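Shown next, in structure tokens, is the structure this report addresses.
Every number in this text was worked out from the coordinates using simple rules, so none of it is lab data. Here the structure is a predicted model, which means the values were calculated and not measured. Glycine gets a Cβ as well: all are built from the backbone with ideal geometry, and neighbour counts include every protein chain shown.
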Amino acid sequence: MDACTAGAREIIGREMTVSEVMVEVEQDIIFYDQSGGGVTFSGGEPLMQPEFLLAVLNQCQAQQIHTALDTSCYAEPKIVEMVSERTDLFLCDLKHMDNEIHERFTGVGNNLILDNIRRLSEAGKEIVIRVPVIPGFNNDRANIEATGKFTALLQGVSRIDILPFNRGGKEKSARLTTESKPLQIETPGEEEMNSIAKELSKYGFEVKIGG
């Protein structure tokens, strides 16, 4: 249905053409020029719509607009390669370094993800590694150390962002289904976040809490 007469449901978002997206983007060109910023493609996962993403990136590139991609890097290598040629900055999510644990909690392993991040590094792309800190899942010392060691082998990493777990997903899950049982997790405190930042900074990176 296009609408719910009782108002209990509403459609969020709308389909747009490349031209319509660019009209929105171009309105802020003066601010990109003044701030040194640009356009960030996020989601969801933008790599799930590679043709559309590439088309918009091409338009941005033609107008010399700086582009960033916020991604899990879970996509076919050929897609990542095509997108990388038109993207200035990659914001790469790292949820867990252990393949089995990653698969158990997300449904997919992390080998493809790590390989794609390595490829971006070898291609000379600028990368920010982003780690959502989730107590009981990936905040243990072994995983933090593994994250630091992996990142230390990469070229082009400008920063590591550590992002405190946000409980908003729990409420969203409850709205979507009664079958889902999300992890009962509290947001990590300031002391823990500072401790993780200190550990990762040992590998020579600027570490930012939040982002």
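For each of 114, 91, 69, 53, count neighbouring Cβ atoms within 10 Å of the residue's Cβ, then give the residues from fewest to most.
114, 91, 53, 69
Full-extension gain between residue 146 and residue 208, please, as 0.36 nm times their residue separation minus the C-alpha to C-alpha distance.
20.5 nm
If each residue's Cβ is checked for other Cβ atoms within 10 Å, how do 130, 14, 86, 159 rank with the fewest at the top?
14, 159, 86, 130
Compute a Gaussian network model of the chain, connecting alpha carbons closer than 10 Å, and tell me which residue from 149, 125, 78 fluctuates the most.
78
Please identify every one of the GluC sites (Glu not before Pro) in region 32-98 that sits in a loop by DSSP and has no more than 15 other beta carbons within 10 Å of its own beta carbon.
Passing sites in region 32-98 are 85.
Between residue 62 and residue 8, what is the label-to-label distance in nm when each label sits 7 Å out along the Cα-to-Cβ direction?
That separation, rounded to one decimal, is 4.7 nm.
For the chain, what does -39500 (n - 2.57) per DSSP helix run (n ≥ 4), summed and divided by total residues, give at 222 nm, in deg cm²/dmol to the nearest 500?
-12500 deg cm²/dmol
Below 8 Å between Cα atoms, with a sequence gap of 6+, how large is the relative contact order for the chain in percent?
Here the relative contact order equals 14 percent.
Hey, in the GNM for the chain with a 10 angstrom Cα cutoff, which one of 145, 103, 191 fluctuates hardest?
191
Have a look at the chain and give its Rg and Dmax from the Cα atoms, expressed in angstrom.
Every Cα atom of the chain included, Rg and Dmax give 18.8, 57 Å.
Can you give me the distance in nm between label points at residue 99 and residue 82, each placed 7 Å from the Cα along the Cα-to-Cβ direction?
Each label point is offset 7 Å from its Cα along the Cβ direction, giving 2.7 nm.
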